[in-house]
There are 2 protein chains.
Amino acid sequence: MSGDNTWFTEIFAPSGSAFGLAITKKLDEVQSPFQKIEMFETTHFGNLMVIDGVIMLSSRDNFLYHEMLSHPVLFTHGNPKNVVIIGGGDCGTLREVLKHPGVESVTQIDIDEQVTRMAEKYFPELCAANNDPRATLKFDDGIKFMREAAPESVDVIIVDSTDPIGPGEGLFNRAFYDSCRKALRHGGILVQQSESPLIHMPLLKEMRGAMLDVGFDALQTLLFPQMVYPSGWWTCTLARKGAAFNGFREADAAGASFSTEYYNVDVHKAASAWPNFMKKALLA
Amino acid sequence: MSGDNTWFTEIFAPSGSAFGLAITKKLDEVQSPFQKIEMFETTHFGNLMVIDGVIMLSSRDNFLYHEMLSHPVLFTHGNPKNVVIIGGGDCGTLREVLKHPGVESVTQIDIDEQVTRMAEKYFPELCAANNDPRATLKFDDGIKFMREAAPESVDVIIVDSTDPIGPGEGLFNRAFYDSCRKALRHGGILVQQSESPLIHMPLLKEMRGAMLDVGFDALQTLLFPQMVYPSGWWTCTLARKGAAFNGFREADAAGASFSTEYYNVDVHKAASAWPNFMKKALLA
């Protein structure tokens, strides 16, 4: 697939696999202080954002990831009013969160303003809610923001970051989880993208262990498809402070005033069904 | 990824996407009367079978597909004794079916004996049950076999075929479904792999329509991940004669005497949760 200019291919060395999309042209490129951001126009998946050679999202399939990082956690919390998004610069998660009428404030902290500037230009549909008066976009260090956050001031924290290398590295450790837990109110929930169940099991196990170590009371790892990420199968992990995961507001989800392409009540419930190999790896 | 010999890459033109696995060497190649079969050794996925340039299975992730083509249908039928597999030459589905102690006979009809010969050599674990006295392996035309099958003689038919082009083409139409329906006993179930929910929706819709047209009474399309197939997300569709899908033998599945890597009761139930975009496309 290399050797000509008609494909963008990401090689994922740790699993000896590669995924590519046919492209019609390169739309843009910027080297920010943190990373290199590239935009391509694909033949079948709309626009494609790539950061430091790693596929972030496409127009066509980002709904899977953004909906699963937003709606399960928000419909599990009893009454989420104050939400923080760490990362999330493409604003797709922010858009989903703002669909919930009960949410009173969303503060998004992405370290790299250039990601949002690129998203405004090439994924305008994801940025359509950025001017919602409930939303505040900060471009700063999310680790520092959580460390300095007022104790017990937040209901839901969504960590929508890159992989645990480069700028995302500090978002996958005890110190960060401890900051998040302190900032959450009783019953509050942290949710973080937690990579592929097929090829990142050691990382997932480590994340879950670190979340419990800092005092979270219950964990829930959800599975969902995500074509453009390694293995096409992805997870997010929820960690709750002071309560178990028994509060799914099913009637609210069923009667939601907004539309979704992937998420619904059945999908919500199905996402927590673990394959046997996962139970064996994580619960043994 | 081309230009050197260290990758096998499948380009899937209809969705402008490509998937590749790093390979250490080519193990074998045979041109049968029906198709070209290639075997590779990969760096991370064990052995890889490719037919006419299309990835069929790898050692590492075939369990997903084979378990989902076998256990949901067998635990949904009340008492499956006589099973027919059309295709399935790699014998992975056969192995799963034979795990069910209540199954009295399994007849597998793959048109290409070379697929099974290659599987015996490079996927011996999948062929470990081939000498089970309940199993009969025929190398013949599955379409003709079903056309000539005795009426009401079979409980479950599993169509484990390639895509609906080439040798697999005749397995995706009304004439074939009509033969299958006639061969099934009352309450019998046909299950067939039905491609990707993300990129093959028109085919899936057509299959389901044809199944209903020939008189099947109820359909159920299940979703599951399958890394090495286009989009990494796949489906199978069950069509039942004379009954609805209300008979999942949950206690039997929970107390199964055999082990599985993916399938369990929760996974079974989760597989029938449809995303909104799928409901919209198939039920509108």
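The values are calculated or read from the model by the stated rules, or taken from the named source; none is laboratory data. Computed from a predicted model, the values in this text were never measured in an experiment. With ideal geometry, Cβ positions are generated from the backbone for all residues, glycine too; neighbour counts draw on all protein chains shown. Surface accessibility is based on the protein's heavy atoms, side chains included, excluding ligands, DNA and RNA. Shrake-Rupley method; radii C 1.70, N 1.55, O 1.52, S 1.80 Å.
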(message) Given a 1.4 angstrom probe, what's the average accessible area per residue across the protein assembly as shown, in square angstrom?
(response) 37
(request) Between chains B and A there is a rotation axis; tell me the chain B residue with the nearest beta carbon and how many whole Å away it sits. (result) B:Gly232, 1
(message) Amide H of A:Glu195 versus every other amide H placed in the peptide plane: which residues, excluding those fewer than 5 positions away on the same chain, fall under 5 Å?
(response) A:Thr235
(request) Report the calculated FRET efficiency for A:Phe248 and B:Glu148 (r = Cβ-Cβ distance, R0 = 41 Å), to the nearest 0.05. (result) 0.20
(request) For the protein assembly as shown, give the share of DSSP beta bridges that are antiparallel, in percent and rounded to the nearest 5; count only bridges with both residues there. (result) 65
(message) If you build the convex hull over the alpha carbons only and average its shadow over all orientations, what do you get for chain A? Give it in nm² to one decimal.
(response) 14.1
(message) Rounded, prolate or oblate for the protein assembly as shown? Axes are the square roots of the Cα gyration tensor eigenvalues, ordered a ≥ b ≥ c, and the cut-off for rounded is a/c under 1.5.
(response) prolate
(request) Tell me which residues come under 5 Å, amide H to amide H, from A:Ala135 once H is placed; ignore anything under 5 positions away on its chain. (result) A:Val106
(request) Can you list the distances in nanometres, one decimal and ascending, from the B:Asp141 label point to the identical position in each other copy, with the point 7 Å along Cα to Cβ? (result) 7.2
(message) I need the inter-copy label distances for A:Ile165: point set 7 Å along Cα to C-beta, values in nm with one decimal, smallest first.
(response) 3.5
(message) Rg and Dmax in Å for the range A:1-118, alpha carbons only: what are they?
(response) 16.4, 53
(request) Take the Cβ-Cβ distance between A:Phe139 and A:Asp28 as r, set R0 to 25 Å, and report the resulting FRET efficiency rounded to the nearest 0.05. (result) 0.85
(request) Work out from phi, with θ = phi - 60° and the Karplus expression 6.51 cos²θ - 1.76 cosθ + 1.60, the ³J(HN,Hα) of each residue of the range B:224-230, listed in order in whole Hz, and give x for Gly and Pro. (result) 7, x, 8, 3, 7, 9, x
(request) Obtain the nm distance between the two label points defined at A:Lys121 and B:Glu120 by a simple spin-label model: each point lies 7 Å from its Cα along the Cα-to-C-beta direction. (result) 6.1
(message) Give me a comma-separated list of calculated 3J(HN,Hα) values for the range A:11-22, in order, Karplus coefficients 6.51, -1.76, 1.60 applied at θ = phi - 60°, integers in Hz, x for any Gly or Pro.
(response) 8, 10, 4, x, 10, x, 10, 9, 9, x, 10, 6
(request) Take each uninterrupted DSSP H stretch in chain A, measure its Cα extent along the helix axis, and return the ones at 15 Å or beyond whose mean Kyte-Doolittle hydropathy is at least -1.0. (result) A:62-76, A:201-213
(request) Over the Cα atoms of the range B:7-58, compute the convex hull volume and normalise it per residue, giving Å³. (result) 70
(message) A 20 angstrom limit on the alpha carbon distance is what I want to check against. Which of A:Lys25/B:Lys280; A:Lys279/B:Lys121; A:Lys279/B:Lys269; B:Lys205/B:Lys279 exceed it?
(response) A:Lys25/B:Lys280; A:Lys279/B:Lys121
(message) Measuring nothing but label to label, 7 Å from Cα along Cα→Cβ, what are B:Asp52's distances to the other copies in nm, shortest first?
(response) 4.3
(request) Choose one of B:Gly209, B:Pro14, B:Phe40: the residue whose Cα lies farthest towards the positive end of the charge dipole of chain B (beta-carbon charges +1 Lys, Arg; -1 Asp, Glu; about the Cα centre). (result) B:Gly209
(request) Note down the net charge around B:Lys26, summing +1 for each Lys or Arg and -1 for each Asp or Glu among other residues with Cβ under 10 Å from its Cβ. (result) -3
(message) What percent of all Cα-Cα pairs in the range B:58-184 falls into each 10 Å bin, going from 0 up to the bin containing the maximum distance?
(response) 13, 47, 35, 5
(request) With a 1.4 Å probe on protein heavy atoms only, tell me which residues of the range A:213-250 lose at least 30 Å² of accessible surface in the complex relative to the chain by itself. (result) A:Pro225, A:Met227, A:Ser231, A:Trp233
(request) For the range B:62-283, calculate the relative contact order in percent as a whole number, restricting contacts to Cα pairs under 8 Å that are 6 or more residues apart. (result) 22
(request) Quick one: work out the % antiparallel among DSSP beta bridges in chain B, nearest 5. (result) 65
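Using Cα-Cα distances under 8 Å and only pairs 6 or more residues apart, what relative contact order does the range A:1-103 have, in percent?
Relative CO of the range A:1-103 lands at 14 percent.
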